[in-house]
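Peer 1: Have a look at this one before I ask anything.
The values are calculated or read from the model by the stated rules, or taken from the named source; none is laboratory data. Because the structure is predicted, anything quoted here is derived from the model rather than measured. Because the Cβ atoms are built from the backbone with ideal geometry, glycine has one as well, and the counts that use them run over all protein chains shown. Quick note on the areas: whole protein, heavy atoms, side chains included, nothing else; ligands and nucleic acids left out. Shrake-Rupley method; radii C 1.70, N 1.55, O 1.52, S 1.80 Å.
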Amino acid sequence: MIYTSASEWRNAPQKRVLLFAMSGLGKTYLSNMLRSTGDWFHYSIDYRIGTRYMGELIADNAKREAMKVPFLRDLLRSDSIYIGSNISFNDLRPMSSYLGKPGDPAFGGLPWDEYTRRQDQFQQAEIAALHDTGHFIERSSRLYQYPHFVCDTGGSICEWVDVNDPDDPIMTDLAAKTLMVWIKGTDEHTAELIRRFDREPKPMSYDPAFLLATWNAYLDEFNVAPDKVNPDDFIRWAFAKALAHRQPRYQAMADKWGITVPQHAVEKVKDTEGFVGMIADALEMRG
């Protein structure tokens, strides 16, 4: 790790951290809070994906839908209107709408082949965005003169990491440049995430092998044809399995390459001093 003790962390003139966890546990809250101080550069992996790597795909998907409407089709073909993605740090719905959900087109579902094609695109984009972290660390310091740096990752980072490989290219790259910080939730947090997801199911990205196994298990259990699957029913059913699938991966990432902070500690952080103290406590516990 780039900081091996609490004192080394507290005294570091340039603090660089990367936050990873399931969605909803405080990564973006902490990142926004740090950015608001004016001393921290906030690098959002999801924002980078949605602008640099998938922006054209997202916009083209919206245009494809608009082309189905004769009035909009004529305006688009004559370049009389512009359709683009207005993705932001706090609103990633344009990217979610592109990823979509598999199942019955009558309920907004995508054919399986198209759905997995978009999943593959996202995987490649996220890996590229993660490897861009070093570039933004250098850029934030040289160009914008920020002393500190926080990377806010998506929940799917663990899907592309081989936690059994000590030389995993993603983790060795990131751990050499940032302090990897896992925000660990409790069983109560997991239950709340499931309840929240059940109210508003959102597209997610998964390891291809896990996704295929989960899809096939759903088809077998409910005896339904792929093109008759209710998309929301499937992703609700898959979400709890995804949480269980991801938890040991996050744990291994933190054990091998970083530190762990409990989610209840994140809730108490209100300023930079509290954040620095939380990280220092985690470094002391790790020893």
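Peer 1: Cβ neighbours within 10 Å, averaged per peptide: list 204-213, 251-260 in order, most packed at the top.
Peer 2: Result, highest mean Cβ count within 10 Å first: 251-260, 204-213.
Peer 1: Still on this structure, I have one more. At 1.4 Å probe size, put Arg118, Arg142, Arg16 in order of accessible surface, largest to smallest.
Peer 2: Arg142, Arg16, Arg118
Peer 1: Moving on to the next point. DSSP loop chymotrypsin sites (Phe, Trp or Tyr not before Pro) in the stretch 28-128 with at most 13 other Cβ atoms within 10 Å of their Cβ, which ones?
Peer 2: Tyr82
Peer 1: Please work out the average accessible area per residue across the chain, using the 1.4 Å probe convention, and give it in Å².
Peer 2: Per-residue value: 49 Å².
Peer 1: Among rounded, prolate and oblate, which fits the stretch 1-103 when a ≥ b ≥ c are the square roots of the eigenvalues of its C-alpha gyration tensor, a/c under 1.5 means rounded, and a/b larger than b/c means prolate?
Peer 2: Verdict is prolate for the stretch 1-103.
Peer 1: Here is a follow-up. By how many degrees, between 0 and 90 and to the nearest 10, does the Cα long axis of helix 208-222 differ from the longest principal axis of the chain?
Peer 2: Rounded to the nearest ten degrees, it is 50.
Peer 1: Roughly how many debye, to the nearest 20, is the charge dipole of the stretch 50-185 about its Cα centre, given +1 on each Lys and Arg Cβ, -1 on each Asp and Glu Cβ, and no other charges?
Peer 2: Computed about the Cα centre, the dipole is about 580 debye.
Peer 1: Of the cross-linked pairs Lys202/Lys270; Lys184/Lys241; Lys202/Lys268; Lys27/Lys202; Lys241/Lys268; Lys63/Lys241, which ones have a Cα-Cα span greater than 23 Å in the structure shown?
Peer 2: Lys202/Lys270; Lys202/Lys268; Lys241/Lys268; Lys63/Lys241
Peer 1: Decide, for the stretch 69-213, between rounded, prolate and oblate: order the square roots of the alpha carbon gyration tensor eigenvalues as a ≥ b ≥ c, take rounded if a/c falls under 1.5, and otherwise choose prolate if a/b is larger than b/c, else oblate.
Peer 2: The shape class here is oblate.
Peer 1: Mind listing the phi-derived Karplus ³J(HN,Hα) values for the stretch 2-7, rounded to whole Hz, using 6.51, -1.76 and 1.60 with θ = phi - 60°, and x for any glycine or proline?
Peer 2: 6, 10, 9, 8, 4, 5
Peer 1: Looking only at the chain, where both bridge partners belong to it, what percent of the DSSP beta bridges are antiparallel (to the nearest 5)?
Peer 2: Given both bridge residues lie in the chain, the antiparallel proportion sits at roughly 5 percent.
Peer 1: In addition: Quick one: grab the alpha carbon gyration tensor of the stretch 157-287, order the square roots of its eigenvalues as a ≥ b ≥ c, and give me rounded if a/c is under 1.5, else prolate or oblate depending on whether a/b is larger than b/c.
Peer 2: It comes out oblate by the Cα gyration axes.
Peer 1: Follow-up. Any chance you could run the full-extension gain for Asp60 through Ser88? It's 0.36 nm times the residue separation minus the Cα-Cα distance, nm to one decimal.
Peer 2: Gain on extension, Asp60 to Ser88, equals 8.3 nm.
Peer 1: Let me ask another. What list of whole percents do you get for P(r) of the chain, with Cα-Cα distances grouped in 5 Å bins up to the one holding the largest distance?
Peer 2: 1, 5, 11, 15, 17, 16, 12, 9, 6, 4, 2, 1, 0
Peer 1: Pull up all non-local amide H partners of Leu179: gap of 5 or more, or a different chain, and H-to-H distance under 5 Å with H placed in the peptide plane.
Peer 2: Here Arg16, Val17, Leu18 satisfy the definition.
Peer 1: Hey, how many Å between the Cα centroid of the stretch 1-28 and the Cα centroid of the stretch 44-85?
Peer 2: 37 Å
Peer 1: Accessible area of the stretch 218-287 with a 1.4 Å probe: how many percent of it is carbon plus sulfur?
Peer 2: 49 percent
Peer 1: Continuing with this model, one more query. Rounding to the nearest 10 and keeping the result within 0 to 90°, find how far the Cα-based axis of helix 231-257 lies from the longest principal axis of the chain.
Peer 2: 20 degrees
Peer 1: On to the next question. As I understand it, the dipole of the stretch 178-287 uses +1 on the Cβ of Lys and Arg and -1 on the Cβ of Asp and Glu, about the Cα centre. Which of Ala242, Phe210, Met180 lies farthest toward its positive end?
Peer 2: The listed residue farthest towards the positive side: Met180.
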